[in-house]
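Beneath this line is the structure, given in structure tokens, with notes to follow.
The values are calculated or read from the model by the stated rules, or taken from the named source; none is laboratory data. No experiment lies behind these values; they were computed from the predicted model shown. Don't worry about glycine lacking a Cβ; one is built from the backbone with ideal geometry, like all the others, and counts go over all protein chains shown.
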């Protein structure tokens, strides 16, 4: 009886081992090419990118509005952890940074940790995690202390990641990250604006017209890279909508005031006047949502 | 004698006595004396009554019938015969052959009283003999012995005559003595192994101190002595030796000369032992406990070497020419040598197999069966031996089986340590009879015996009595020993050795005399002995008449023919496997334990990260690294416990097998191979269950191989401790001591770079941890699981390039810049202040050393990376290497004197070039990875993520990449140590034989070559396991422990001596005044 058991074990062992050695059909060939279009000189786009907003800005606006929190606006973390290509990851990293800003406004500590975890994983995959002091961020978030420094730290790490990407000849990823931040920010702004219509907010959405133009400019640097043409196309569509939005800059009256050094200076305020109808806003909102959802879906 | 037998005997007596002229007075008297020797006074009367009644009845019928007709006499005899037949058949059922022979002899004796050998009487005796199955020749022997007195008539082979004449018959044996009237005749009844004795003369001859009556027949029992009026007494053994002269026996002389034994502690175990003895003797060794009996036995048998003196067997020195005496000596220790799980037959069979290589299967079985039959164990042969708690066979049977182990090969000299301890008196007697029978075959047997019963005591041919401190105070005939000591003690009846009525001796008496204490004036016994051991020794020396032994110079016959190494291995293995298989609990537990543990462990930690989901994702299970580590711990634990008792349990058997000169390596190899097999099975069961529950795919073989290797390592460790320590408790106490360091230094529980600085090492695994199998196993499995899972396997090389570039750009190069900055600042400080130059210069030198060291290293590394890129066709253009290499003259500048701001700038320039180069490396590798991902995803949508979920593990990834480490780079002296992503860091290849690396190195470097961590580590563990064989074979550990023991005991001893010396001084000083008084 014992012999039989041993024999059986032996056979099953051989089977498992031999099954192990079965080949895997889905292994990329070793000689896969690395030619990836022209390398873009980072200097050219650095300047443009640096002028873009950071994830905190939309958040700061929302904070003033005092509308109710809704987690429906956020990208579900499950979705985010499914991002596989660097393209998606960079985009996602930007978008989640905006979501993190939103969460921060409402001090949703638990969710913050959850989003931080995903962000860390994404940044790790992109090899920019060295700028992301996850331990400290997590501590700040869980202790519910000093959310401002949390915000500061995350913005800071965001900036450094972005910088590092550009430095290591990955400006495309940097551009995507920035795109992600902007798009998610705009999306959140549109959603929040639906909740509570606000003049200032509308203006802000309208003002994005200029930024969108710059963004398209940047993205066009990489139009030979995969996925970029699609984004550019979507943004071009959005641009068409924005083309109907009129933005004029008016110069206000000049007045004198004391500066920090106690010296009188003459200051002249500039006003941006945004002309955008409700229909226009709604169309923009819809398209933004569409683009955003398309990007985060698989 | 039972009532029934006695009654039967009385009837037989009566029938015989009444024949012819009826019962004579002499006959009645004979019956009476016979009964007196058997029974108490009252009973004698009762049986006498029975006899006379029966006899009277018989006579009446006889008279009546003789009156009628003469022809009736014939009928009467027929009737008598039928009655005799009936009685004898009854006797047949109850009496042993020995007893039957005695009955027959008694019947003869009865007739012999009046020498009335009528036809009728003889016929009846014939009938009795026939029914008793006594052979014709033996029947004639008995007849001759009883009826004949003259030498001429007594000339038969079975007879021995002791007289003073030189006339010896053709056949009969003869012992010549000084003047003696008449003959002493001895008869051997071979089938019953009995001797009878009678004396035909008129002098006073004593048997065991009792007078022998003329023409009476006595049983000449083992140990008996015949005291003659003149000359040396005749001992039982002398008689037996004469009979044995015909047998083919190897002649032996055993001489011990000035044997002395000193313990390592300095105590003397044996002093100046001298004696000699021939073959065919049963020699007892007696003495109070601690007098050196076992020491004596060990020294005589060659187990321990004496400090001085020699033991000569046929002139061959036992201790110096041991190999010539191989197989001559057998040793039966007091302990059990049986393998509990095997049957009686198997125990003996495998033992026999190891002793006789020339015998084939049939012969072996025959020999074993014969031995079992001889020892009365044949009907028990299929019973398991069992142990003291779970008894299957009786204590006596165990003892006999133990003796059988040695007996089966019939060594010429046998040493037996306390064969009767713990046995019932019946069993003791059986065992001793067995041994004394062996001496009849010419064996020389030494037996250490403790408080023997009278009968046993008398079985010995020689008795050796030792006194405290290893003094030999008596050697000679055992019964005479009693006389000897009684005489010295001036006791009454000192010349009588045994009780005149019952024949009993009291060996305790000897010790009472030897150890008698002095009585003080209050009648209390003091501690002081009347006669001290040295005094006893002197007594003996003055009296000692050492018997001369026949010197013999033949080569003693060796009965041992041990099989070769492989045959032994096979026998050992089969024996062990059989014993393991027969232990059902052991078998089942061993088979179930590991899969059960695998199940429990894997089941407990099958963690699903997402609370909303029910789908298990391997990638998200945080517990994979702990699982790997726990698996290793399980392997160590199981491997250790399964082996920890293996050798310990066999230690007694081993001692004996060493005696047989069986190969230790063969034995060990059999143990190891069985354990290796068990380990392989346990490991595969564990891995099959554990890995499949946890969804570790495609790694069964690798996990199995490593766990198996770890099991074997633990087995070897266990065998070592089991060969070292002498109690199961010590062994089990020791297990944590062996396991916990393995756990603590395995690399999983405590990070190697965060250990106590005394043992820690900055850039390598700490030295102590290198000795831990757990660390090698854990590292290998972690690295392999990371590197070679189906997912990462594809990306590992690009990930590695990315990691190298990333580390250089983010940590390494900035650190160099920092160093350059520091130099700049320090130089400024020198220029400005000038003061405190030395300390600043010192600081600066450190910076330079770092720059020099790391930059020159980077010079070689960067070329390697470049070549790799070219090999992988990641960069096509092969431009000049000098472009990225820092030239030697720049290094020359790196000292406080020459390093100006220009040089500083130059170096910075090179660092910038490196930085750019690594940017390219990163981008290339990264792009390649992206392409590969796309390729996979295009092939099968989402397959990148899916594969990662299935094959990769996040937590394991974090650990081997050391993501939680804050200090990704460490400055230590003139080195920059990478702490980041050790899994991607190839080890330093500057040291040719230095195989040590940082933890989780993807490769190992040794002797100029890189090896996969997996295979390198497995080799290391196997190397460790094999190395452990050396101390196992030579018992190094045991020797070390013994050494410590000795040191501590000798220290204690010295302390004692000191205390004693102090006390003596005190006593002296106390005595001195008294002396003064006496002087007064």
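Brief remarks follow.
- Taking the listed residues B:826, B:813, the one that is closer than 21 Å to residue B:906 by Cα, within 14 Å of another protein chain (Cβ to nearest Cβ), assigned to a helix (DSSP H, G or I) and over 60 Å from the mean Cα position of the chain (by Cα) is B:813, with no other qualifying.
- Test: residue B:580 is surrounded by 13 or more Cβ atoms within 10 Å (Cβ to Cβ), within 14 Å of chain A (Cβ to nearest Cβ) and assigned to a helix (DSSP H, G or I): yes
- Selected residue [loosely packed, with under 14 Cβ neighbours inside 10 Å and modelled with pLDDT of 90 or more] from B:596, B:604: B:604
- Residue within segment B:632-654 that is away from chain A (no Cβ under 13 Å) and not in a helix (DSSP H, G or I) present: yes
- Residues located in segment B:906-941, provided they are facing chain A (nearest Cβ under 7 Å) and either surrounded by fewer than 17 Cβ atoms within 10 Å (Cβ to Cβ) or at pLDDT 90 or above (or both): B:939, B:940
- Residue B:806 being assigned to a helix (DSSP H, G or I), at pLDDT below 90 and either within 12 Å of chain A (Cβ to nearest Cβ) or in contact with a strand residue (DSSP E or B) (Cβ under 8 Å, 6 or more places away or on another chain) (or both): yes
- Some residue of segment A:95-104 being more than 26 Å from residue A:231 (Cα to Cα) and in contact with a helix residue (DSSP H, G or I) (Cβ under 9 Å, 6 or more places away or on another chain): yes
- For segment B:583-628, filtering for residues that are under 21 Å from residue B:786 (Cβ atoms) and within 14 Å of another protein chain (Cβ to nearest Cβ) leaves 5.
- The residue pairs whose first member lies in segment B:292-307 and is at negative phi and without any contact (Cβ under 8 Å) to a residue 60 or more places away in the chain, whose second member is part of a helix (DSSP H, G or I) and crowded, with 24+ Cβ neighbours inside 10 Å, and whose beta carbons are closer than 7 Å, counting only pairs six or more residues apart or on different chains, are B:306/B:299.
- Listed conditions (1) within 11 Å of chain A (Cβ to nearest Cβ); (2) surrounded by fewer than 23 Cβ atoms within 10 Å (Cβ to Cβ); (3) under 17 Å from residue A:124 (Cβ atoms) are all met by residue B:790, apart from (3).
- Filtered by the rule that a residue be touching a residue at least 24 places away in the same chain (Cβ under 8 Å) and over 15 Å from residue B:1000 (Cα atoms), segment B:782-801 gives B:789, B:790, B:791, B:792, B:794, B:795, B:797, B:798, B:799, B:801.
- Test: residue B:964 is more than 7 Å from chain A (Cβ to nearest Cβ) and free of Cβ contacts under 8 Å to residues at least 24 places away in the same chain: yes
- Hey, residue B:779 in contact with a helix residue (DSSP H, G or I) (Cβ under 8 Å, 6 or more places away or on another chain), within 30 Å of residue B:718 (Cβ to Cβ), more than 14 Å from every other protein chain (Cβ to nearest Cβ) and touching a residue at least 12 places away in the same chain (Cβ under 8 Å) or not: yes
- Per-region count, segment B:778-790, residues within 47 Å of the chain's Cα centre (by Cα) and more than 14 Å from residue B:701 (Cα to Cα): 5
- Residue B:198 vs. criteria outside any loop (DSSP other than H, G, I, E, B), over 39 Å from the mean Cα position of the chain (by Cα), at pLDDT 75 or above and over 16 Å from residue B:441 (Cβ atoms): yes
- Odd one out for residue B:497 among (1) farther than 30 Å from residue B:406 by Cα; (2) modelled with pLDDT of 80 or more; (3) surrounded by 22 or more Cβ atoms within 10 Å (Cβ to Cβ): (2)
- Boolean, residue B:146 is in contact with a helix residue (DSSP H, G or I) (Cβ under 6 Å, 6 or more places away or on another chain), at pLDDT below 85 and closer than 30 Å to residue B:374 by Cβ: no
- Residues of segment B:673-705 that turn out to be away from every other protein chain (no Cβ under 14 Å) and buried (at least 22 other Cβ atoms within 10 Å of the Cβ), as a count: 2
- Subset of segment B:450-477 [under 19 Å from residue B:540 (Cβ atoms) and in a loop (DSSP other than H, G, I, E, B)]: B:460, B:461, B:468, B:469, B:470, B:477
- Any hit, segment B:894-905, residues being within 13 Å of chain A (Cβ to nearest Cβ), closer than 17 Å to residue B:821 by Cα and assigned to a helix (DSSP H, G or I): no
- Out of A:21, A:25, one residue alone is loosely packed, with under 14 Cβ neighbours inside 10 Å, more than 27 Å from residue A:227 (Cβ to Cβ), at pLDDT below 85 and within 13 Å of chain B (Cβ to nearest Cβ). It is A:21.
- Any hit, segment B:839-861, residues being free of Cβ contacts under 8 Å to residues at least 40 places away in the same chain, within 14 Å of chain A (Cβ to nearest Cβ) and farther than 30 Å from residue B:739 by Cβ: no
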